[in-house]
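See below for the structure under consideration.
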């Protein structure tokens with residue numbers, strides 16, 4: 001018979017040790033780890049990050065996004081010290097900063113802080129780049 005290929009799903013599960021990012025509220029954009037699952041809508045989170053700490057509290061799953069990062073072998077309801085050691089060992093902050101998610105967020109933040117003249121300069125530069133791309137594409141099409 002044929003070989004059966006078994007692969008894991010690409011879903012992000014709500015699990016102890018999963019790193020989450022807050023979508024809004026007072027902790028908008030900050031990272032935290034799930035320490036305990038309260039029920040199907042709420043989790044206990046704690047964020048020991050140096051740059052943007054999040055105190056231990058109950059958070060609704062509707063207000064957080066699950067990241068692909070997981071702190072492995074994190075015990076349930078562990079203390080702040082254990083979580084901080086595991087957080088630093090897993091290098092969560094640096095891994096998230098290297099992700100496309102964080103890079104895109106930084107790009108949006110930078111774009112939001114531009115003034116009117118700077119936005120105009122970006123518009124002109126994008127037009128120039130588009131012109132060069134279309135010119136080279138036309139050259140390739142005409143030679144083909």
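The values are calculated or read from the model by the stated rules, or taken from the named source; none is laboratory data. Given the structure is predicted, the values throughout are model-derived calculations rather than measurements. Cβ placement follows ideal geometry from the backbone for every residue including glycine, while neighbour counts extend to all protein chains displayed.
Any residue at all in the range 89-98 that's in contact (Cβ under 8 Å) with a residue 40 or more places away in the chain, within 22 Å of residue 11 (Cβ to Cβ) and over 17 Å from the mean Cα position of the chain (by Cα)? Quick ask: steps written out before the conclusion?
Narrowing the range 89-98 to residues in contact (Cβ under 8 Å) with a residue 40 or more places away in the chain: 92-93, 96.
Next, only the ones that are within 22 Å of residue 11 (Cβ to Cβ) stay: 92, 96.
Checking which are over 17 Å from the mean Cα position of the chain (by Cα) leaves us with none.
Looking through the range 89-98, none of the residues is in contact (Cβ under 8 Å) with a residue 40 or more places away in the chain, within 22 Å of residue 11 (Cβ to Cβ) and over 17 Å from the mean Cα position of the chain (by Cα).
Considering only the range 102-116, I want to know if a residue exists there that is in contact (Cβ under 8 Å) with a residue 12 or more places away in the chain and under 20 Å from residue 14 (Cα atoms). It would help to see each step written out before you state the result.
First, pick out the residues of the range 102-116 that are in contact (Cβ under 8 Å) with a residue 12 or more places away in the chain: 105.
This time we only want the ones that are under 20 Å from residue 14 (Cα atoms), so: none.
No, the range 102-116 contains no residue that is in contact (Cβ under 8 Å) with a residue 12 or more places away in the chain and under 20 Å from residue 14 (Cα atoms).
Given (1) within 20 Å of residue 92 (Cα to Cα); (2) in contact with a helix residue (DSSP H, G or I) (Cβ under 9 Å, 6 or more places away or on another chain); (3) surrounded by fewer than 11 Cβ atoms within 10 Å (Cβ to Cβ), where does residue 40 come up short, assuming only one miss?
(1)
Could you please find all residues in the range 62-84 being under 14 Å from residue 16 (Cβ atoms) and not in a strand (DSSP E or B)? Give the derivation first.
Within the range 62-84, the first condition is being under 14 Å from residue 16 (Cβ atoms), and the residues that meet it are 66, 69-79, 82-83.
Residues satisfying the conditions are 71, 72, 73, 74, 75, 76, 77, 78, 79, 82, 83.
For the range 19-27, state whether one or more residues are surrounded by 11 or more Cβ atoms within 10 Å (Cβ to Cβ) and free of Cβ contacts under 8 Å to residues at least 40 places away in the same chain. Lay out the reasoning, then the answer.
Initial filter on the range 19-27 (surrounded by 11 or more Cβ atoms within 10 Å (Cβ to Cβ)): 19-23, 25, 27.
Among the residues that remain, those that are also free of Cβ contacts under 8 Å to residues at least 40 places away in the same chain are: 25, 27.
Yes: one or more hits.
Determine if the range 126-143 includes at least one residue that is assigned to a loop (DSSP other than H, G, I, E, B), over 25 Å from residue 26 (Cβ atoms) and modelled with pLDDT under 95.
No, there is no match, as no residue in the range 126-143 is assigned to a loop (DSSP other than H, G, I, E, B), over 25 Å from residue 26 (Cβ atoms) and modelled with pLDDT under 95.
Of the residues in the range 46-58, how many are touching a helix residue (DSSP H, G or I) at 6+ places or on another chain (Cβ under 8 Å) and farther than 21 Å from residue 97 by Cα?
Number of matching residues: 1.
Residue 46 fails exactly one of the following numbered conditions: (1) assigned to a helix (DSSP H, G or I); (2) crowded, with 19+ Cβ neighbours inside 10 Å. What is the number of that condition?
Result: residue 46 fails condition (1) only.
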